[in-house]
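Everything on this sheet refers to the single structure shown next.
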Amino acid sequence: MTASSAVRSALDGALSLLLPVVCPGCGDPGLALCGACRAALAPAVARRRLPGGLEVHAGLAYEDVAAAAIGALKERGRTDLARALAPAMRAALAAAAPGGPVVAVPVPTSRAAFRRRGYRVPELLARRAGVPTVRALAWARRVEDQRALGRAQRLDNVAGAMRVRGAAPPAVVLVDDVVTTGATLTEAARALSSAGARVVGAAALASAGPERGGFIGDASVFGW
(Lines give C-alpha, C1' and ligand atoms only; values in the text may rest on other atoms or scores of the structure.)
Protein backbone atom coordinates (compact mmCIF):
# COMPACT_ATOMS: atom_id res chain seq x y z
CA MET A 1 0.00 0.00 0.00
CA THR A 2 1.35 3.46 -0.95
CA ALA A 3 1.49 6.34 1.51
CA SER A 4 -1.40 8.10 -0.25
CA SER A 5 -3.47 4.91 -0.17
CA ALA A 6 -2.77 4.51 3.53
CA VAL A 7 -3.85 8.08 4.23
CA ARG A 8 -7.00 7.61 2.14
CA SER A 9 -7.88 4.41 3.97
CA ALA A 10 -7.37 6.12 7.32
CA LEU A 11 -9.62 9.00 6.28
CA ASP A 12 -12.29 6.59 5.05
CA GLY A 13 -12.12 4.75 8.34
CA ALA A 14 -12.43 7.98 10.33
CA LEU A 15 -15.40 9.04 8.21
CA SER A 16 -17.14 5.72 8.86
CA LEU A 17 -16.99 6.41 12.60
CA LEU A 18 -18.83 9.70 12.12
CA LEU A 19 -21.33 8.78 9.41
CA PRO A 20 -23.06 5.49 8.51
CA VAL A 21 -21.50 5.34 5.03
CA VAL A 22 -21.39 2.54 2.51
CA CYS A 23 -19.44 2.31 -0.71
CA PRO A 24 -21.86 3.46 -3.44
CA GLY A 25 -20.46 1.02 -5.96
CA CYS A 26 -20.56 -2.29 -4.09
CA GLY A 27 -22.40 -1.48 -0.87
CA ASP A 28 -19.42 -2.36 1.35
CA PRO A 29 -20.37 -0.98 4.79
CA GLY A 30 -18.07 1.35 6.67
CA LEU A 31 -16.17 2.55 3.59
CA ALA A 32 -16.92 5.80 1.77
CA LEU A 33 -15.44 4.25 -1.38
CA CYS A 34 -13.64 0.90 -1.53
CA GLY A 35 -10.40 0.41 -3.44
CA ALA A 36 -11.92 -1.61 -6.25
CA CYS A 37 -14.69 0.92 -6.87
CA ARG A 38 -12.20 3.79 -6.70
CA ALA A 39 -10.17 2.08 -9.40
CA ALA A 40 -13.31 1.75 -11.53
CA LEU A 41 -13.55 5.55 -11.60
CA ALA A 42 -10.24 5.94 -13.47
CA PRO A 43 -10.70 8.32 -16.44
CA ALA A 44 -11.65 6.78 -19.79
CA VAL A 45 -12.34 9.86 -21.89
CA ALA A 46 -14.71 9.50 -24.84
CA ARG A 47 -15.74 12.00 -27.47
CA ARG A 48 -19.19 12.38 -28.98
CA ARG A 49 -20.68 14.97 -31.29
CA LEU A 50 -24.18 16.24 -30.59
CA PRO A 51 -26.64 16.67 -33.48
CA GLY A 52 -26.10 20.44 -33.41
CA GLY A 53 -22.35 19.98 -33.87
CA LEU A 54 -21.12 20.55 -30.31
CA GLU A 55 -18.30 18.19 -29.34
CA VAL A 56 -18.57 16.73 -25.86
CA HIS A 57 -15.82 14.90 -24.00
CA ALA A 58 -16.83 12.71 -21.07
CA GLY A 59 -14.47 11.28 -18.48
CA LEU A 60 -16.51 8.15 -17.71
CA ALA A 61 -19.27 5.98 -19.09
CA TYR A 62 -22.45 6.47 -17.08
CA GLU A 63 -22.81 2.89 -15.92
CA ASP A 64 -22.02 0.54 -13.03
CA VAL A 65 -19.82 2.12 -10.34
CA ALA A 66 -19.69 5.53 -12.05
CA ALA A 67 -23.49 5.77 -12.26
CA ALA A 68 -23.85 4.72 -8.62
CA ALA A 69 -21.24 7.20 -7.40
CA ILE A 70 -22.72 10.07 -9.41
CA GLY A 71 -26.19 9.20 -8.16
CA ALA A 72 -24.95 9.28 -4.57
CA LEU A 73 -23.25 12.62 -5.16
CA LYS A 74 -26.31 14.19 -6.78
CA GLU A 75 -29.18 12.68 -4.80
CA ARG A 76 -27.79 11.55 -1.44
CA GLY A 77 -25.52 14.42 -0.47
CA ARG A 78 -22.29 12.41 -0.88
CA THR A 79 -20.13 15.42 -1.72
CA ASP A 80 -17.10 13.49 -0.46
CA LEU A 81 -17.26 11.47 -3.69
CA ALA A 82 -16.47 14.55 -5.78
CA ARG A 83 -12.79 14.15 -4.96
CA ALA A 84 -12.71 10.58 -6.29
CA LEU A 85 -14.57 11.69 -9.43
CA ALA A 86 -12.29 14.69 -9.97
CA PRO A 87 -9.63 12.93 -12.12
CA ALA A 88 -12.29 11.95 -14.68
CA MET A 89 -13.68 15.49 -14.70
CA ARG A 90 -10.21 16.95 -15.09
CA ALA A 91 -9.43 14.63 -18.01
CA ALA A 92 -12.68 15.57 -19.75
CA LEU A 93 -11.97 19.27 -19.33
CA ALA A 94 -8.47 18.86 -20.71
CA ALA A 95 -9.77 16.97 -23.75
CA ALA A 96 -12.48 19.53 -24.46
CA ALA A 97 -10.05 22.44 -24.90
CA PRO A 98 -7.39 21.39 -27.42
CA GLY A 99 -6.04 24.85 -28.27
CA GLY A 100 -5.90 28.29 -26.70
CA PRO A 101 -7.00 29.75 -23.36
CA VAL A 102 -10.66 29.17 -22.52
CA VAL A 103 -13.08 29.83 -19.67
CA ALA A 104 -14.92 26.93 -18.04
CA VAL A 105 -18.63 27.75 -17.81
CA PRO A 106 -20.89 25.34 -15.90
CA VAL A 107 -24.41 24.51 -17.01
CA PRO A 108 -26.62 26.43 -14.57
CA THR A 109 -28.30 24.57 -11.73
CA SER A 110 -32.01 25.15 -11.33
CA ARG A 111 -33.21 26.86 -8.18
CA ALA A 112 -35.18 23.77 -7.20
CA ALA A 113 -32.13 21.51 -7.54
CA PHE A 114 -29.96 23.93 -5.58
CA ARG A 115 -32.53 24.14 -2.78
CA ARG A 116 -32.73 20.35 -2.68
CA ARG A 117 -28.98 19.73 -2.65
CA GLY A 118 -27.42 22.90 -1.31
CA TYR A 119 -24.63 22.79 -3.93
CA ARG A 120 -24.14 23.01 -7.69
CA VAL A 121 -22.83 19.69 -8.98
CA PRO A 122 -20.95 20.82 -12.14
CA GLU A 123 -19.22 23.60 -10.21
CA LEU A 124 -18.31 21.28 -7.35
CA LEU A 125 -16.77 18.75 -9.75
CA ALA A 126 -14.77 21.41 -11.61
CA ARG A 127 -13.53 22.88 -8.34
CA ARG A 128 -12.38 19.47 -7.09
CA ALA A 129 -10.65 19.01 -10.47
CA GLY A 130 -8.74 22.24 -9.84
CA VAL A 131 -10.46 24.24 -12.57
CA PRO A 132 -12.08 27.61 -11.75
CA THR A 133 -15.43 28.30 -13.35
CA VAL A 134 -17.31 31.43 -14.37
CA ARG A 135 -21.05 31.40 -13.74
CA ALA A 136 -21.86 33.03 -17.08
CA LEU A 137 -25.22 31.32 -17.67
CA ALA A 138 -28.58 31.51 -15.92
CA TRP A 139 -32.04 30.13 -16.53
CA ALA A 140 -34.26 32.69 -18.22
CA ARG A 141 -37.43 30.74 -17.47
CA ARG A 142 -38.58 27.68 -15.60
CA VAL A 143 -38.19 24.29 -17.30
CA GLU A 144 -39.63 20.89 -16.50
CA ASP A 145 -37.57 18.06 -14.99
CA GLN A 146 -35.78 16.49 -17.95
CA ARG A 147 -35.46 12.97 -16.55
CA ALA A 148 -38.85 11.70 -17.73
CA LEU A 149 -38.62 13.29 -21.19
CA GLY A 150 -37.44 11.91 -24.53
CA ARG A 151 -34.86 13.68 -26.69
CA ALA A 152 -37.30 15.76 -28.76
CA GLN A 153 -39.21 16.73 -25.62
CA ARG A 154 -35.99 17.70 -23.86
CA LEU A 155 -34.97 19.94 -26.75
CA ASP A 156 -38.37 21.66 -26.70
CA ASN A 157 -38.29 21.94 -22.92
CA VAL A 158 -35.04 23.90 -22.77
CA ALA A 159 -35.19 25.77 -26.09
CA GLY A 160 -34.48 29.44 -25.43
CA ALA A 161 -34.46 28.84 -21.68
CA MET A 162 -30.96 30.15 -20.89
CA ARG A 163 -29.44 33.61 -20.95
CA VAL A 164 -25.93 34.98 -20.52
CA ARG A 165 -25.11 36.88 -17.36
CA GLY A 166 -23.08 40.00 -18.11
CA ALA A 167 -20.51 39.98 -20.88
CA ALA A 168 -19.89 36.62 -22.52
CA PRO A 169 -16.34 35.24 -22.24
CA PRO A 170 -14.55 35.17 -25.61
CA ALA A 171 -13.86 31.41 -25.63
CA VAL A 172 -15.73 28.86 -23.55
CA VAL A 173 -15.79 25.21 -22.57
CA LEU A 174 -19.10 24.11 -21.10
CA VAL A 175 -19.12 21.92 -17.98
CA ASP A 176 -21.82 19.42 -16.98
CA ASP A 177 -22.07 16.33 -14.80
CA VAL A 178 -23.86 13.82 -17.08
CA VAL A 179 -24.68 14.18 -20.77
CA THR A 180 -27.57 12.08 -22.07
CA THR A 181 -29.37 13.53 -25.09
CA GLY A 182 -27.26 16.69 -24.96
CA ALA A 183 -30.30 19.00 -25.02
CA THR A 184 -29.13 21.11 -22.05
CA LEU A 185 -25.61 21.52 -23.41
CA THR A 186 -27.02 22.42 -26.83
CA GLU A 187 -29.14 25.18 -25.28
CA ALA A 188 -26.18 26.43 -23.23
CA ALA A 189 -24.05 26.62 -26.37
CA ARG A 190 -26.81 28.49 -28.20
CA ALA A 191 -27.14 31.11 -25.47
CA LEU A 192 -23.39 31.74 -25.31
CA SER A 193 -22.93 31.79 -29.09
CA SER A 194 -25.81 34.25 -29.45
CA ALA A 195 -24.00 36.54 -27.00
CA GLY A 196 -20.78 36.42 -29.03
CA ALA A 197 -18.84 33.68 -27.25
CA ARG A 198 -16.95 30.98 -29.12
CA VAL A 199 -17.93 27.63 -27.62
CA VAL A 200 -14.99 25.33 -28.31
CA GLY A 201 -16.54 22.24 -26.75
CA ALA A 202 -18.07 20.73 -23.66
CA ALA A 203 -16.83 18.53 -20.83
CA ALA A 204 -19.00 16.14 -18.86
CA LEU A 205 -18.06 13.88 -16.01
CA ALA A 206 -19.94 11.00 -17.64
CA SER A 207 -21.81 10.15 -20.81
CA ALA A 208 -24.91 8.00 -21.02
CA GLY A 209 -24.53 7.79 -24.80
CA PRO A 210 -23.15 4.81 -26.71
CA GLU A 211 -20.04 6.50 -28.11
CA ARG A 212 -16.82 5.61 -26.32
CA GLY A 213 -13.26 6.50 -27.33
CA GLY A 214 -9.92 7.42 -25.83
CA PHE A 215 -8.93 11.00 -26.67
CA ILE A 216 -7.03 13.00 -24.05
CA GLY A 217 -6.25 16.69 -24.50
CA ASP A 218 -3.83 19.26 -23.11
CA ALA A 219 -4.68 20.63 -19.67
CA SER A 220 -2.35 23.64 -20.04
CA VAL A 221 -5.00 25.77 -21.76
CA PHE A 222 -6.74 26.22 -18.40
CA GLY A 223 -3.49 27.37 -16.77
CA TRP A 224 -3.38 24.32 -14.45
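The values are calculated or read from the model by the stated rules, or taken from the named source; none is laboratory data. As the structure is a computational prediction, the values presented were derived from the model and not from experiment. FYI the Cβ positions are ideal-geometry reconstructions off the backbone, even for glycines, and counts take in every protein chain you see.
So which residues in region 180-203 are among the polar types (S, T, N, Q) and either within 19 Å of G99 (Cα to Cα) or not assigned by TED's automatic domain parsing to the domain that holds V164 (or both)? Outline the logic, then answer.
To start, the set of residues in region 180-203 that are among the polar types (S, T, N, Q) comprises 180-181, 184, 186, 193-194.
Selection gives S193 alone.
Pick out the one residue from G59, G27, G53, G77 that is more than 14 Å from the chain's Cα centre (by Cα) and touching a residue at least 24 places away in the same chain (Cβ under 8 Å). Explain how you work it out, then say what you get.
Values: G59 fails: more than 14 Å from the chain's Cα centre (by Cα); G27 fails: touching a residue at least 24 places away in the same chain (Cβ under 8 Å); G53 fails: touching a residue at least 24 places away in the same chain (Cβ under 8 Å).
Only one candidate qualifies: G77.
Within region 193-200, does at least one residue satisfy the condition of being assigned to a helix (DSSP H, G or I), within 23 Å of P87 (Cβ to Cβ) and at pLDDT 90 or above?
Applying the first criterion (assigned to a helix (DSSP H, G or I)) to region 193-200 yields 193-194.
This time we only want the ones that are within 23 Å of P87 (Cβ to Cβ), so: none.
No.
With among the hydrophobic types (A, V, I, L, M, F, W, C) and either at pLDDT below 95 or within 30 Å of E187 (Cα to Cα) (or both) as the only criterion, which of A6, A40, A36 stands out? Don't jump to the end; show me each part of the working.
On the way: A40 fails: either at pLDDT below 95 or within 30 Å of E187 (Cα to Cα) (or both); A36 fails: either at pLDDT below 95 or within 30 Å of E187 (Cα to Cα) (or both).
Testing whether each residue is among the hydrophobic types (A, V, I, L, M, F, W, C) and either at pLDDT below 95 or within 30 Å of E187 (Cα to Cα) (or both) leaves just A6.
All but one of (1) hydrophobic (A, V, I, L, M, F, W, C); (2) out of contact with any strand residue (DSSP E or B) (no Cβ under 8 Å at 6 or more places or on another chain); (3) buried (at least 20 other Cβ atoms within 10 Å of the Cβ); (4) modelled with pLDDT under 90 hold for A168; which doesn't?
With respect to (1) hydrophobic (A, V, I, L, M, F, W, C); (2) out of contact with any strand residue (DSSP E or B) (no Cβ under 8 Å at 6 or more places or on another chain); (3) buried (at least 20 other Cβ atoms within 10 Å of the Cβ); (4) modelled with pLDDT under 90, A168 is out only on (4).
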